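Chemist: Supplied in structure tokens, the structure appears directly below.
The values are calculated or read from the model by the stated rules, or taken from the named source; none is laboratory data. Predicted model, so just to flag it, every value in this text is computed and none were measured. Every residue, glycine as well, gets a Cβ built from its backbone with ideal geometry; the counts of neighbours run over all protein chains shown. Only protein heavy atoms, including side chains, enter the accessible area calculation; ligands, DNA and RNA are left aside. Shrake-Rupley method; radii C 1.70, N 1.55, O 1.52, S 1.80 Å.
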Amino acid sequence: MSGHVEISSFDGLDPRISILRYSNEVDAMFVRTRRFNALIDTLSTPALCREALEKLGASAHDRPLIVVNSHMDWDHFWGNAAIAGVAPIIAHAKALERLSAPEAASTLATKAVEEARFAETELVAPSITFSGDMALNGGDLTLELLHTPGHTPDHVAVWIPEISTLLAVDAVEDPVPCVWDDTPESLRLLRASLARLKALGAKVVVPAHGRTTTPEAIDRNIAYFNELVARVAQIDRRVLRDSAPETLDGLAFEDLLPAHRTMDAGETDFYRDFHRQNLSAAIRTHLETIEIA
Ligand SMILES: [Zn+2]
């Protein structure tokens, strides 16, 4: 993937928020408050992060900068090296556990071989971590960092109550989010995080992928998981145990895909993998619940 960062916005988005978009890969976000500027995610390389900060112009450098890493998925934080020593980087404490896991370095090693743009990327850890939730008080805007696990254990979404805006990052995804692994606990956490975000009653919801701001994105994600779990529950336990999940009646990606938008072949394959993981977690959840009952 090549190209440049685009500074963008959405209809109805508060003018203090800018979207930093790199192609179809990811959207980072920039929020100007009275006391500080906040960069939510650093894109996938230091070069992209530097480019984004430059393109934001003077208004990005007129007050202290605070950086938030929403979670330790490569497309959201591999740009951290551009920030190191310049601004504090805040993340959930679980982010450090993910960074010290062998997968963090092996993912970078693999992708650096695949794409030259990652060759100079280094993993830079957040400098401030918290457990539970945290608030950044900007004076006019409050950035509430909400621990919203399920997509990943360390995921943080940013709720700005004064403007009823939720920077959901990957806790909400259009068309569907992906559960961390196929354990019942991860599926439970992801659905609980969606319910928590829904209860905020946000008027504007900005995920990092999918280019949407409609709060309906949360409803659609919740409806998808409700339907997935309900359909799995209707299937005989022995059938669930003995069949390849994708061959089960009514449980293919196409059967459960929200019908609101079309996708190209690449996107379809990408989200089909998400669905496969979600389905597998739903099946495990059902089988293990029956066994306990
Ligand atoms: Zn992502």
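Chemist: Taking the Cα centre of the stretch 5-216 as the origin and placing charges on Cβ (Lys, Arg +1; Asp, Glu -1), which of 118, 175, 128 is farthest toward the positive end of the dipole?
Modeler: 128
Chemist: What is the extension gain from residue 211 to residue 272, computed as 0.36 nm multiplied by their sequence separation minus the C-alpha to C-alpha distance, in nm to one decimal?
Modeler: This chain segment gains 20.1 nm when fully extended.
Chemist: Out of the GluC sites (Glu not before Pro) in the stretch 11-65, which ones are loop residues according to DSSP with at most 16 other C-beta atoms within 10 Å? Display every interim value, and only then the final one.
Modeler: On the way: sites: 25, 51, 54; in loops: 25.
Passing sites in the stretch 11-65 are 25.
Chemist: Distance from the Cα centre of the stretch 130-189 to that of the stretch 6-61, in angstrom?
Modeler: 18 Å
Chemist: Report P(r) for the stretch 3-134: all Cα-Cα distances, bin width 5 Å, range 0 to the bin holding the largest distance, values in whole percent.
Modeler: 2, 11, 21, 23, 20, 13, 7, 2, 0
Chemist: A further question on this structure: Once you put a point 7 Å from the Cα of residue 237 and another 7 Å from the Cα of residue 127, both along the Cβ direction, what distance in nm separates them?
Modeler: That separation, rounded to one decimal, is 5.5 nm.
Chemist: Considering the chain as a Gaussian network with a 10 Å cut-off on Cα pairs, which listed residue, 85, 138, 150, attains the greatest mean-square fluctuation?
Modeler: 85
Chemist: Can I ask one more? Before rounding to the nearest 500, sum -39500 (n - 2.57) across all DSSP H runs of length at least 4 in the chain and divide by the residue total; then give [θ] at 222 nm in deg cm²/dmol. Walk me through the intermediate numbers first.
Modeler: Working: 9 runs with 107 residues, N = 293.
Calculated mean residue ellipticity at 222 nm is -11500 deg cm²/dmol.
Chemist: Taking 1 over the mean of 1/r across every pair of different Cα atoms in the chain, what Kirkwood radius in Å do you get?
Modeler: Kirkwood hydrodynamic radius for the chain: 19.8 Å.
Chemist: Along the positive direction of the dipole of the stretch 198-271 (beta-carbon charges: Lys, Arg +1; Asp, Glu -1; about the Cα centre), which of 235, 199, 222 reaches farthest?
Modeler: 199
Chemist: Return the inverse of the average 1/r over all pairs of distinct C-alpha atoms in the stretch 28-103, which is the Kirkwood hydrodynamic radius, in Å to one decimal.
Modeler: About 12.6 Å, per the Kirkwood formula over Cα pairs.
Chemist: Also, quick follow-up: Suppose every Lys and Arg Cβ carries +1 and every Asp and Glu Cβ carries -1, with no other charges. What dipole size does the stretch 39-148 come out with about its Cα centre, to the nearest 20 debye? Spell out each step's value before the answer.
Modeler: Values: 7 positive and 15 negative charges, 31 e Å.
Here the size comes out at about 140 debye.
Chemist: Rounded to the nearest whole Å², what accessible area per residue is found for the chain with the 1.4 Å probe?
Modeler: 44 Å²
Chemist: Further, regarding this structure: Quick one: among 124, 31, 113, which has the greatest mean-square fluctuation in a GNM of the chain with alpha-carbon springs under 10 angstrom?
Modeler: Of the options given, 113 has the highest mean-square fluctuation.
Chemist: Build a GNM of the chain with springs between Cα atoms under 10 Å: which of 15, 245, 258 gets the top mean-square fluctuation?
Modeler: It is 15.
Chemist: Rounded to two decimal places and with Rh computed the Kirkwood way over Cα pairs, what is Rg over Rh for the stretch 1-69? Intermediate values should be presented prior to the final figure.
Modeler: Working: Rg = 11.4 Å, Rh = 12.2 Å.
Result for the stretch 1-69 is an Rg/Rh of 0.94.
Chemist: For 254, 115, what's the largest-to-smallest order of accessible area, 1.4 Å probe?
Modeler: Result, largest first: 254, 115.
Chemist: Rounded if a/c is under 1.5, else prolate if a/b beats b/c, else oblate: with a ≥ b ≥ c from the C-alpha gyration tensor eigenvalues square-rooted, which is the stretch 147-234?
Modeler: prolate
Chemist: Using the Cα centre as the reference, give the magnitude of the dipole from point charges on the C-beta atoms of the chain (Lys, Arg: +1; Asp, Glu: -1; all else neutral), rounded to the nearest 20 debye. Working shown, then result.
Modeler: Numbers: 27 positive and 43 negative charges, 160 e Å.
Here the size comes out at about 760 debye.
Chemist: Quick one: go through the stretch 40-76 and flag any residue whose amide nitrogen is under 20 Å from the point 7 Å out along the Cα-to-Cβ line of residue 104.
Modeler: So the set is 40-47, 49, 67-76.
Chemist: Continuing with the same structure: Rounded to the nearest 20 debye, what is the charge dipole size of the stretch 202-284 about its Cα centre when +1 sits on each Lys and Arg Cβ and -1 on each Asp and Glu Cβ?
Modeler: So the magnitude is around 320 debye.
Chemist: Okay, moving on. Within a Cβ distance under 12 Å of residue 178, other residues only, what is the Lys/Arg minus Asp/Glu net charge?
Modeler: With Lys, Arg at +1 and Asp, Glu at -1, the net is -4.
Chemist: Percent of accessible area on the stretch 5-216 owned by carbon and sulfur, 1.4 Å probe?
Modeler: Whole-percent figure for carbon plus sulfur exposure: 53.
Chemist: Angle, helix 216-233 long axis vs. longest principal axis of the chain, Cα atoms, 0 to 90°, nearest 10?
Modeler: 30 degrees
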